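Inspection log for the structure reproduced underneath, given as structure tokens.
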Amino acid sequence: MAEFSYQAKTREGYIVEGIIDSPNQNSAIDILHGKGYVILALEPLRANLFDYDINNLLARPNTKDLTVFTRQLSTLIDADMPLSEGLRTLAKQVEKPAFKRIISEIAEAVEGGSLLSASIAQYPKLFSPFYVKLVQSGEISGKLHDSLLYLADYVERSQSINSKIRGALTYPAFIVFSLVGVGLLMVIYVLPQLLAIFEEVGNVDLPITTRILIWVTDFVNGNLILLGLTLFALTFLTVYFLKTEEGHVAVDNLKLKIPGLGDIIRNLYLARIAESLSTLMKAGIPIIDSLRITADLVGNSVYRDIVLDAEESVKSGGNISSTLIRYKEIPPLFSSMINIGERTGKMDFILEHISRFYKNESENSIQNISQIVEPFLILVLGVAVAGLISSILLPIYNIVGGG
């Protein structure tokens, strides 16, 4: 969000001045026009580092906030409450300042005559193109309540799957991080004092594991600053690379090739493609627009390119299945089911079943991985601890026994 200072004339002819938050200048103009203002001046404000509201930075709206907002708005609309009044009501009960401001600005835009879909489209970081298109479809069909209710369920399901993935990976990540952290502390602070015993004793026939441990300890402590600078440089370059387009593509490709996790991630993307297409088609969105929105929504550049290629095929008179079958990232079952949907004219029905199948596959795989990874990590941790202890204690026993 950016801030713009404005000077405008109201419908009554009064001159007003103020500051408005908006994603960009065009959005700010639309919001002011929605209030019936004639803009006299509009300038972006240059904010310095100390001007940001810490509460806004730490309390940005998340997926849970969006789900609750969508479900509650659907309920208020179903109760025949005017849309602008419903938005104002929700803004009053929201605790996060940033989200409260966004809802209030959406309410202002709606009161000024803008459609809800056009108003939420000004906040693309919170409301995806998929969300906006479904709201727009609900407005056109007169079923905004149903569209919002579906969106709430959709966002909730997506959040549930993401939570399961994070839950499955949190424990292994914690174990690995702890193992590396404890290992560094041992090498820097503990091992130099313990291994000094062997240097004082002199010529002792040390096991190979102990000699490796001594070498690693001496190397790390002798090059601590150099290693720290190297680690910092590698971290900086990695973060910089990941922010580039090439970095995004590399990460998206890597996700699909991770042993074990790659198949789960692939199934999640396939389920997302199928569910998004099915929902958009049921809502009456043209197939070309549905494919374009799905491409932006899928969240992976590999599958985004595949869906966009399918869009080009449809534009030129082809079909979706003939495009999908050329890609190894698309399983034969997926493309075959799409082909059946195209031939029978029941594409949305088939896509719904495809989505359910791949979603179930991914959830079962997530559960299996968490059950396998935890014992494996405990075994690795046990072996590492046993190796460290034996590398120190066995030579000490030999020295004592030899003495």
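Bear in mind that the values in this text are calculations on the coordinates, not laboratory data. Keep in mind it's a predicted model, so treat the numbers as computed, not measured. Backbone-built Cβ (ideal geometry, glycine too); neighbour counts: all protein chains shown.
Please list the helices of the chain that count as membrane-span-like by this rule: a mean Kyte-Doolittle hydropathy of at least -1.0 together with Cα atoms stretching 20 Å or more along the helix axis, each helix being a complete DSSP H run. Those that clear 20 Å and a mean of -1.0 are 63-78, 97-111, 144-185, 208-222, 224-242, 261-282, 301-315, 347-402. Relative to the Cα centre, the charge distribution of the chain, modelled as +1 at Lys and Arg Cβ and -1 at Asp and Glu Cβ, gives a dipole magnitude of about 520 debye. Among 269, 14, 37, the largest mean-square fluctuation in a Gaussian network model of the chain, built with springs joining Cα atoms closer than 10 Å, belongs to 14. Summary of the geometry: the range 74-129 and the range 327-375, compared by the centres of their Cα atoms, lie 35 Å apart. Using a Gaussian network model of the chain in which every pair of alpha carbons under 10 angstrom is joined by a spring, one finds that among 263, 80, 348 the greatest mean-square fluctuation is at 80. When the square roots of the Cα gyration tensor eigenvalues are ordered a ≥ b ≥ c, the ratio a/c for the range 85-127 is 1.5 or more and a/b does not exceed b/c, which makes its shape oblate.
When a/c is below 1.5 the answer is rounded, else prolate if a/b is larger than b/c, else oblate, so apply that to the range 171-403 with a ≥ b ≥ c taken from the square roots of the Cα gyration tensor eigenvalues. Verdict is prolate for the range 171-403. Other residues with beta-carbon under 10 Å from the beta-carbon of residue 267 carry, at +1 per Lys or Arg and -1 per Asp or Glu, a net charge of 0. The dipole here belongs to the range 61-127: it is taken about the Cα centre, uses +1 on the Cβ of Lys and Arg and -1 on the Cβ of Asp and Glu, and is about 340 debye.
Among 353, 145, sorting on how many other beta-carbon atoms sit within 10 Å of each Cβ, with the fewest leading, yields 353, 145.
When a/c is below 1.5 the answer is rounded, else prolate if a/b is larger than b/c, else oblate, so apply that to the range 170-257 with a ≥ b ≥ c taken from the square roots of the Cα gyration tensor eigenvalues. Taking the square roots of the gyration eigenvalues as a ≥ b ≥ c, the range 170-257 is prolate. Using the rule -39500 (n - 2.57) for each DSSP H run of four or more residues, divided by the residues of the chain, the 222 nm mean residue ellipticity is -24500 deg cm²/dmol.
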